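Let me begin by presenting the structure, written as structure tokens, before commenting on it.
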Amino acid sequence: MPLILVPLLLCLDQAVKIWAVAHLAPGVPHPFIPLLNLTLIYNTGAAFGLFPGGARILVVVSVVVGFGILYYLSRHRLPLLQQVAFSLIAAGALGNAIDRIGRGSVVDYLDTTGTGWGPFDNFPIFNLADACVVVGVILLLLPIRRRKW
């Protein structure tokens, strides 16, 4: 059932990116809500600005990871939390792959810089797909914390 998250998040991710490209000036912060600005940038690297200029290899990695996870989910019965986590990661990987294939870079727009939000005050600009990957990984790690070593 959580597999439905993947197409829903892909559509939402792409819709917001299309809106951001049409309505935001690159590099100009627009206050959105407290602690969050909207700032359009084009990222040629990985999430959060890592590996700049690595779009070609990242396309392959993102597509393999995204579809690999979908294949894995279709073949295995997993607890609900793991299904949701893997669905978030797949949606994030595929959402950014769509950008890399279609634009040659990823559209990022969520910006906490200058908001006074503690450790996130100088955080790289990111997008919904990046957030999906991070939240998915955190959800996968939650059960590990509960295990006794």
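Derivation of every value follows stated rules applied to the coordinates shown; laboratory data play no part. Quick caveat, the model's predicted, so the values are computed rather than measured.
Below, the figures for the structure above:
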{"read-out": "Kirkwood hydrodynamic radius of the chain, from inverse mean 1/r over distinct Cα pairs, in Å", "value": "16.0 Å"}
{"read-out": "Principal-axis tilt of helix 128-146 within the chain, Cα atoms, nearest 10 degrees", "value": "40 degrees"}
{"read-out": "Over the chain: helical MRE at 222 nm, DSSP H runs n ≥ 4 each giving -39500 (n - 2.57), nearest 500", "value": "-19500 deg cm²/dmol"}
{"read-out": "Estimated Rh, the stretch 62-149: Kirkwood, alpha-carbon pairs, angstrom", "value": "14.4 Å"}
{"read-out": "More than 15 angstrom apart: percent of Cα pairs within the stretch 60-99", "value": "34 percent"}
{"read-out": "GNM result for the chain, Cα springs below 10 Å: residue of 109, 71, 42 fluctuating most strongly", "value": "71"}
